[in-house]
Amino acid sequence: MQVTESIILLIYLIAMTLMGIYFYRRARRSENDYFTAGQSINTFIGAFAIFAAVASSSSLMGAVGSGVALGVPYFFTYAFGVIAILPFSMFLVSGQIRRAGVKTLPEFFNQRFGKPVQIVSAAVVVIGMTFYMVPQLTASGLIGSHVLGIDYKTAVVVLGLGFTLYAALGGMWAITYTDLIQGSSMLIGIVILALFIMVDHNGVVSLINDAMAVDPAFGDITQPWMSYFGLFIAFLWFGIISPSVVMRNFASRDARTARHSAMWACLLYLTLFIAGFFVTAAGASMGIVESLDNTDMIFVSVIEQYLPAILGGIMLAGLMAAIMSSADAMLLAISAGIAHDIYKEHINPKASERFVTGLGLIVMIAASIVGILIAIDPPGLIAVMVGWVGGFLLSAFGFPIVLGIWWKRANMLGALTGMLGGSIVFLILIIGRWLPTNAEPIIAAPISLLLMIVVSLMTEPPSQETQAKVDYYHTHLENR
Amino acid sequence: MTSRSKFRDPGFILTIVLIVYAAIVFIWWPTDIYMLEISLVAWLMFAGLFFWFLLAIIYSVWIEKIESRR
């Protein structure tokens, strides 16, 4: 057990839990408060909230681990796709979907296409987000067991329930304000680590040379082209297809704030990945990747090699922050999918707001337990698991969302066929294992697009009222 | 709003710009050219990180101009 690091990690966990308790009353006031923080989040807080929701264990541990194992071009493919998330979603959906005035992604599908699409999309959200929690919990278990000196399973349970507690109690209010602390701690931590690495290696060129001396293939393309392209595509779409990220737009004060938050989050992410490059090169220069049981743990090895104990503890808390700030957003998406989109909309429309937020709290705890049970024996590497979920959500949601906003002629049957067709083809490709890792959405997403266009054109167009809504999503185009 | 005005939307135009840059990287895919012993592919992607942020700024400014005309 590492005493200093453990104390810092525990202080961090207690601080997050106290924030959950602080926001408990405010969050339980209404559904709007619990799921979207009263739609009152400003640009500064919103930028950190989006940044922290997108930056997960895969951004830090997964990207650095795969960069050390597979070469720096793989790391930059990660960065290339992940940073493009924010402008890509800004251009295509952020302002428009905020203008729809909904609380959840399935509610948007209901507004645009009707109830059947809402039910299917709520099911996709619950399944996708539950599985997306698994790599986050796996990462927290790896760090927790390493630092606290407890076994992996205990670490997964303790840390998993830790972030569930504040998220369930404080809803989007607690999640957004803990994001501010989590986003800044991971950013400050990794910048300090990068500075220590630079000083230790006497500059960038020397650092690259040190990495090359240990691993001559560090600068090479080591995987098939399709692996890089599939990774880029899966990440590029993530800001559009991940309910946990899209919900941050709903929490913004207005469409303008949502846009500005995404723009500044892009700068925060850019800083994170530039610092991440130094960590990757330092990891390669250590030459220990072959001796590690799990390459995702190379980040922790770099922290221990370059930072003194107190700074190391802060950086490890930053890593935990990256994990928790994404996992809590996923929990909220699952909670909203069941409590709001299925129970309130279809089972008991007369349910009181207090009952729905209470149900949301219970759903979060239940979803967390399911995620923990899967994460105790995880099915793969963090980066691969993230790629699976990203690919599944892209194949199911990508084109129904974009065409729903940009194409008036898209209708309910088209969206339903595209959503089901894309997700079924994706699952067949995963089970069949005919393609390189993470390349499945390259086939499944275009099939979803094709099905949606063909079926929409073969069936009745949406009502004039629905088409007028599509116009309203683009109201900034008026008076041109 | 007509379909034509949607094609003139800053979001639509900048999405095309983003896709064109990514397409250049993935279609050219210069695996045999190196700078500082690192494949040019990685450097093109590194430059792309700054280009994405630049596009985000351009979009924000462009939309502000349109909204200020309303």
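The values are calculated or read from the model by the stated rules, or taken from the named source; none is laboratory data. As the structure is a prediction and not an experimental result, all values here were calculated from the model. Quick reminder, even Gly has a Cβ in these numbers, built from the backbone with ideal geometry, and neighbours come from all protein chains shown. Protein only, heavy atoms only, side chains kept; ligands, DNA and RNA dropped before computing areas. Shrake-Rupley method; radii C 1.70, N 1.55, O 1.52, S 1.80 Å.
Considering only residues that are of a type outside the set (Lys, Arg) and open to solvent by 10 Å² or more (accessible area, probe 1.4 Å), which ones fall in segment A:318-345? Selection gives A:Ile338, A:Ile342, A:Tyr343, A:Glu345. Residues of segment A:414-422 include none that is within 14 Å of chain B (Cβ to nearest Cβ), farther than 30 Å from B:Glu67 by Cβ and part of a helix (DSSP H, G or I). Checked against the criterion of being in a helix (DSSP H, G or I), basic (Lys, Arg) and surrounded by fewer than 24 Cβ atoms within 10 Å (Cβ to Cβ), segment A:80-98 contains not a single residue that satisfies it. Being at pLDDT 85 or above and open to solvent by less than 50 Å² (accessible area, probe 1.4 Å) is the filter here; which residues of segment A:157-169 pass it? Correct list: A:Gly160 only. Taking the criterion of being part of a helix (DSSP H, G or I), open to solvent by 10 Å² or more (accessible area, probe 1.4 Å) and within 11 Å of chain B (Cβ to nearest Cβ), the residues of segment A:207-235 that qualify are A:Asn209, A:Met212, A:Ala213, A:Trp225, A:Met226, A:Phe229, A:Ile233. Taken over segment A:189-206, the criterion of being open to solvent by 40 Å² or more (accessible area, probe 1.4 Å) and more than 12 Å from every other protein chain (Cβ to nearest Cβ) is satisfied by A:Val191, A:Ile192, A:Leu195, A:Phe196, A:Met198, A:Val199, A:Asp200, A:Asn202.
For segment A:361-372, which residues satisfy the criterion of being in contact with a Leu (Cβ under 8 Å, 6 or more places away or on another chain) and modelled with pLDDT of 85 or more? The answer is A:Ala367, A:Ser368, A:Gly371, A:Ile372.
Restricting the search to segment A:424-453, which residues are surrounded by 24 or more Cβ atoms within 10 Å (Cβ to Cβ) and not aromatic (Phe, Trp, Tyr)? Within segment A:424-453, A:Asn438, A:Glu440, A:Pro441, A:Ala444, A:Ala445, A:Ser448, A:Met452 qualify.
Of everything in segment A:277-317 that is open to solvent by 10 Å² or more (accessible area, probe 1.4 Å) and within 14 Å of chain B (Cβ to nearest Cβ), the residue that is nearest to A:Phe80 (Cα to Cα) is A:Phe277.
Here B:Ser3 qualifies as at pLDDT below 90, over 12 Å from the mean Cα position of the chain (by Cα) and more than 7 Å from chain A (Cβ to nearest Cβ).
Annotation note: of A:Met186, A:Met129, the sole residue that is farther than 27 Å from A:Tyr343 by Cβ, within 18 Å of the chain's Cα centre (by Cα) and open to solvent by less than 20 Å² (accessible area, probe 1.4 Å) is A:Met186. Might you check whether a residue that is closer than 24 Å to A:Val68 by Cα, open to solvent by less than 10 Å² (accessible area, probe 1.4 Å) and more than 7 Å from chain A (Cβ to nearest Cβ) occurs anywhere in segment B:30-51? For segment B:30-51, residues closer than 24 Å to A:Val68 by Cα, open to solvent by less than 10 Å² (accessible area, probe 1.4 Å) and more than 7 Å from chain A (Cβ to nearest Cβ): present.
Scanning segment A:55-75 for residues that are more than 13 Å from chain B (Cβ to nearest Cβ) and open to solvent by 10 Å² or more (accessible area, probe 1.4 Å) turns up A:Ser66, A:Ala69.
In the set A:Ala415, A:Ala375, A:Ala468, A:Ala383, only one residue is modelled with pLDDT of 80 or more, more than 22 Å from A:Met247 (Cβ to Cβ) and either open to solvent by less than 10 Å² (accessible area, probe 1.4 Å) or touching a Ser or Thr at 6+ places or on another chain (Cβ under 8 Å) (or both); that residue is A:Ala375. Note on segment B:52-70: among residues that are over 12 Å from the mean Cα position of the chain (by Cα) and more than 7 Å from every other protein chain (Cβ to nearest Cβ), the one that is least open to solvent (accessible area, probe 1.4 Å) is B:Glu64. Of the residues making up segment A:12-44, those that are farther than 17 Å from A:Tyr177 by Cβ and surrounded by fewer than 20 Cβ atoms within 10 Å (Cβ to Cβ) number 1. If the condition is being more than 7 Å from every other protein chain (Cβ to nearest Cβ) and of a type outside the set (S, T, N, Q), then segment A:263-276 contributes A:Trp264, A:Ala265, A:Leu268, A:Tyr269, A:Leu272, A:Ile274, A:Ala275, A:Gly276. Residue count for segment A:136-151, restricted to those that are within 18 Å of A:Val370 (Cβ to Cβ) and surrounded by fewer than 24 Cβ atoms within 10 Å (Cβ to Cβ): 0. I'd like to know if segment A:32-54 contains one or more residues that are touching an Asp or Glu at 6+ places or on another chain (Cβ under 9 Å), modelled with pLDDT under 80 and in a helix (DSSP H, G or I). The answer is yes; a qualifying residue exists.
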